[in-house]
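The structure appears right after this line, and notes come after that.
The values are calculated or read from the model by the stated rules, or taken from the named source; none is laboratory data. Just so we're clear, the structure is a prediction, and the values are computed from it rather than from any experiment. Don't worry about glycine lacking a Cβ; one is built from the backbone with ideal geometry, like all the others, and counts go over all protein chains shown. When the accessible area is computed, the model is the full protein with side chains, heavy atoms only, and any ligands, DNA or RNA have been set aside. Shrake-Rupley method; radii C 1.70, N 1.55, O 1.52, S 1.80 Å.
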Amino acid sequence: MEKEYYFKEVEHRWYELWEKSGCFRRSEHPEGKSYAIVIPPPNVTGVLHMGHLLNNTMQDVLIRRARQNGQCVFWQPGTDHAGISLQVVVEKKLIKEGIDPRALLREEFLEYACRWRDDHGDIILNQLRHLGVSCDFSKKVHTLDAAYSRTVLVGFVELFRRGLIYRGRRMVNWCPKSQTALSDEEVLMQTQKGKLYRMRYEIVENPGSHIEISTTRPETIPGDVAVAVHPEDPRYQHLIGKHARRPFPEAEIPIIGDDAVLRDFGTGALKITPAHDSVDFAVGQRHGLAAIDVLTPDGRMNELAGPELCGLTREAAREKAVQMLQERGLLLAADDYEHSVGISERSGVPIEPRLSDQWFLRYPCVERAKEAVRSGIIQFFPRRWEKTYLHWLDNIQDWCISRQLLWGHRIPVWYRRDCDRRDPANWHVSLSGPADPENWVQDNDVLDTWFSSAFWPLGTLGWPDEKAMVRNHFDFFYPTATLVTGPDIIFFWVARMIIMSLAFLEGDLEQIVPFRTVYFTGIIRDSQGRKMSKSLGNSPEPLDLIGQYGADGVRLGLLSIAPQGQDVLFDGRCLEQGRNFCTKLWNACRFRVLQGKLKEPHVLNTGRMTAEDEAILRSLIDLTEQQESAIGQYEFHGAVQRLEKFFRDDYCDWYVEVCKIRMRRDESQRAHILTLQDIILRHYLQLLHPFTPFVTQELWHTMGYDDGEKFIQNTPLQNAEQLKKIAPISSDNIATIAELRETIAIIRAHKSSLGLASQTQLDVYYQSENKESAIEKYRFFLCSLCGLGKLTAADSLQGLPATLTPWGIFAMDVPNNVDNNQELERLRREIEVLERNIASNEAKLNNKDFLANAPEKVIAGARALLEENRTKLEKSRKILGSLG
RNA sequence: GGGCAGCUAGCUCAGCGGUUAGAGCAACCGGUUUACAUCCGGUAGGUCGUAGGUUCGAAUCCUAUGCUGCCCACCA
């Protein structure tokens, strides 16, 4: 066995073997308990980032543990076509090559896009392989695959048939940069500093008098069709019915009363621009006003804005409009003002409310979707996200699902050639299109990418094609077990998957929900709590990290700092610790290998079990129980901590050290000890495997534990009950070992506080009331682990510095030159603390209310504690007396 | 404007009604006795954001309040 662990070589070798052997594949004859996860499909345009590492490590832990537990596992991988993102990437590439993407035909552009997708689409999944993910890559799905596309379009057609998808001319969020409509969820509200302009329009009927109006958007003045005031506002009531003079292009517009106007905001008078504001649009509808669109799709002013503004960008037009107001003496004030502006999530520019013809979905099954979560049929971890989810569903708005893009699922609607597209009589909606295509024109738009992702758990398992569903064992793997994702896409994706599943499947909620639990991970930030971003340069390159620390080190490190459901502050040091632990594991196993092979491996003679053997076995059983509950509650952080603590503190630093002493003293124990070590290491490797798949697999092989099963992940994991059958464990023995370990720790600390190096041999005298036999039994451990020379019982402490342990007082025969003062000081402090504690114990036990109300167990505990403290105090005083 | 989290040792977090509040990292002291210096032993460090309340007992429950961060919301 190599002295060093070469993780790079090991990881590559095993991953290839795993994939080649097909051990990640789902069973084609599934039986027993199913455990499926669908991967949140990464964008084909994406590169692996820290969030992917965390998210996929967690999924892999769940999947591998399920495999060990003998469940029938399926982890479905795939990629998302990434609508706008991919289109932008391809457009940029074309421009670089001197091709104008807008001059291309749809088919030509799509050809370029497909080629890019085929060249780059699998990069991110291949990167994930380096992390060790055990997805079934043979079942990979891409959202634009023919079968999956069919799923999406069937969904559209059916929702249309049910009257839930409709086409309408409505105010939508328009992104002037990508020139498409967006859903409300794709608009981020950001507070921005701007100006609130106060200006005045002349009253036509009373020349020379004016009405004052506040606005943040003077560039939309040419689109004004009215001025609105509150109908009961005494300041303006008399003006309703009269007209105001719009300054440019000059026009007379009516002054109307509408109670949407807030009297106490600004001047209480509102200019109405129905084409560029949703409130104004509603007002316009109520009053039968026209909408004058003064903007072009790319966010510039058009001819209707008048010659001075036409052609300017929104921003430039605002400046120009302010200047024009000033020139006309109409601008009264420009106050600094902070307000929310909608920003396009994708392109980062302010969105423009715009009137256009789009397709909308009225969400089905909203009440059932709420019920599914509220009732706990779908469980959220952490639970608080339930509220966020329910709140969104309570206020749900229809979803604009059409996008003015080329890349995506083209809307399966055809319009009769040269006829009114707004008249449903001229629509054809179907999967295959009209029988006489020459008379029809297909809708140019594609569907929102999130519309297609909403079908992910359904489509990946073959729905709605019955043959495909049988082939994919839909009935067995659906509903999936768990979804692991970020809370940032709770509306975009999680809620919509639930809704679509409920809309299309029939049966009890338990059977038709897409998953039974959702674990929301935190977001990875840098060590200062900032979001990882390219511009800040604070996002490490995941593959570099894997190369530097090993996939196992990265996995362990990340999980060890990820608090449940809270953001993760990333620091490279955690990866170092992760890697160090893997090295530690390697060395401990190597040590076992150096002890040699056993003739009869795995056969334990329980008659030879000692107290320390029982204690380590008990720790292993406890660890096994803790792992089960921690992983069940998605407490990855706690699970990792306990795994590391057991191995370092209990196994390596205590048990193995003790075994060295035992074997040195008594060669006949050797086989027994090594057998037990093998049992422990073997089980421990299995417990650790989901977290660090590579090093555990390598050791599984190196240690020769693979005689029955080559791959550790396919080896059944014993539970706590099964482990308890290995050998009987007495609680007295467990207590004895706990006391022994405490005694050793106290003696070591005492030596250290006396300024003595740990290996300095010291003679020690002890006084013990009833633990002499224990001390004698374990004297070799005490001497060896504490660096003691002679250890003898004595009647007096002879004025030597002494310390109190569970087993009595131990006095160190220190050289004369050792300074006693520090030791005296320490003792006095200790006595002080004891006295304080005893006083508080007594006060408690003298409190009648405490005795009356506290449970018996607590009172008994308090009494025992008081007794213990009194004994300690007495002995400490004795030590002090003998020293002084 | 509404809602949700977080505030515990220098840093990152556990603990969420019952002894004297824990861990890892960092700091400091000491150590190579045949797995491991990517290691081992040890020390120090906290009025649990603040103020009230409930309780025999509060970091933990309640009520206010202060920061910090996130989400939702059509006041131009």
Does A:D280 satisfy the criteria of being part of a helix (DSSP H, G or I) and either near RNA strand B (Cβ under 9 Å from one of its atoms) or open to solvent by 30 Å² or more (accessible area, probe 1.4 Å) (or both)?
yes
Quick one: is A:D508 out of contact with any helix residue (DSSP H, G or I) (no Cβ under 6 Å at 6 or more places or on another chain) and farther than 28 Å from A:T388 by Cβ?
no
Tell me which helices (runs of 4 or more DSSP H) are completely within the stretch A:103-190 and hold 2 or more residues being exposed (fewer than 15 other Cβ atoms within 10 Å of the Cβ), or say none if there are none.
A:106-120, A:146-161
Hey, among A:R318, A:R354, A:R300, A:R328, which residue is closer than 30 Å to A:I489 by Cβ and either touching a Lys or Arg at 6+ places or on another chain (Cβ under 7 Å) or open to solvent by 30 Å² or more (accessible area, probe 1.4 Å) (or both)?
A:R354
Residues of the stretch A:704-741 satisfying the condition of being among the small types (G, A, S) and over 28 Å from A:K597 (Cα atoms)
A:S730, A:S731, A:A735, A:A738
Search result, residues across the stretch A:359-378 that are farther than 19 Å from A:L505 by Cα, surrounded by 15 or more Cβ atoms within 10 Å (Cβ to Cβ) and either small (G, A, S) or within 16 Å of RNA strand B (Cβ to nearest atom) (or both)
A:F360
Across the stretch A:625-645, what is the total count of residues that are open to solvent by 10 Å² or more (accessible area, probe 1.4 Å) and more than 11 Å from RNA strand B (Cβ to nearest atom)?
7
Does A:W392 satisfy the condition of being within 16 Å of RNA strand B (Cβ to nearest atom) and open to solvent by less than 50 Å² (accessible area, probe 1.4 Å)?
yes
Residues in the stretch A:596-608: is at least one surrounded by 14 or more Cβ atoms within 10 Å (Cβ to Cβ), near RNA strand B (Cβ under 8 Å from one of its atoms) and part of a helix (DSSP H, G or I)?
no
Could you list, ordered by first residue, the pairs with Cβ atoms under 8 Å in which the first is in the stretch A:511-538 and free of Cβ contacts under 8 Å to residues at least 40 places away in the same chain and of a type in the set (G, A, S) and the second is surrounded by fewer than 20 Cβ atoms within 10 Å (Cβ to Cβ) and part of a loop (DSSP other than H, G, I, E, B), at least 6 apart or interchain?
A:S533/A:S539
Go through (1) hydrophobic (A, V, I, L, M, F, W, C); (2) open to solvent by less than 10 Å² (accessible area, probe 1.4 Å); (3) modelled with pLDDT under 95 for A:I616 and report which single condition fails.
(3)
Look through A:L262, A:L289 and report the one residue that is closer than 27 Å to A:C310 by Cα and open to solvent by 10 Å² or more (accessible area, probe 1.4 Å).
A:L289
Flagged in the stretch A:187-220 as within 11 Å of RNA strand B (Cβ to nearest atom), more than 15 Å from A:F265 (Cβ to Cβ) and of a type in the set (S, T, Y), in numbering order, are A:T191, A:T220
For A:A802, indicate whether it is more than 24 Å from A:L754 (Cα to Cα) and either among the aromatic types (F, W, Y) or surrounded by 11 or more Cβ atoms within 10 Å (Cβ to Cβ) (or both).
no
Number of the condition not met by A:G257 [criteria: (1) open to solvent by 10 Å² or more (accessible area, probe 1.4 Å); (2) under 25 Å from A:D357 (Cα atoms); (3) of a type in the set (G, A, S)]
(2)
In the stretch A:830-847, what count of residues is obtained for those that are more than 8 Å from RNA strand B (Cβ to nearest atom) and either without any contact (Cβ under 8 Å) to a residue 24 or more places away in the chain or within 47 Å of the chain's Cα centre (by Cα) (or both)?
7
Could you tell me which of the residues A:L687, A:L699 is within 16 Å of RNA strand B (Cβ to nearest atom), in contact (Cβ under 8 Å) with a residue 24 or more places away in the chain, open to solvent by less than 40 Å² (accessible area, probe 1.4 Å) and part of a helix (DSSP H, G or I)?
A:L699
Are there any pairs with C-beta distances below 7 angstrom linking a residue in the stretch A:486-506 that is open to solvent by less than 10 Å² (accessible area, probe 1.4 Å) to a residue that is part of a helix (DSSP H, G or I) and within 11 Å of RNA strand B (Cβ to nearest atom), with the two at least 6 apart or on different chains, and if so which?
A:I490/A:W385; A:I490/A:T388; A:I490/A:Y389; A:A495/A:Y389; A:A495/A:W392
Hey, among the residues in the stretch A:518-572 that are open to solvent by 50 Å² or more (accessible area, probe 1.4 Å), outside any loop (DSSP other than H, G, I, E, B) and not basic (K, R), which one's farthest from RNA strand B (Cβ to nearest atom)?
A:L543
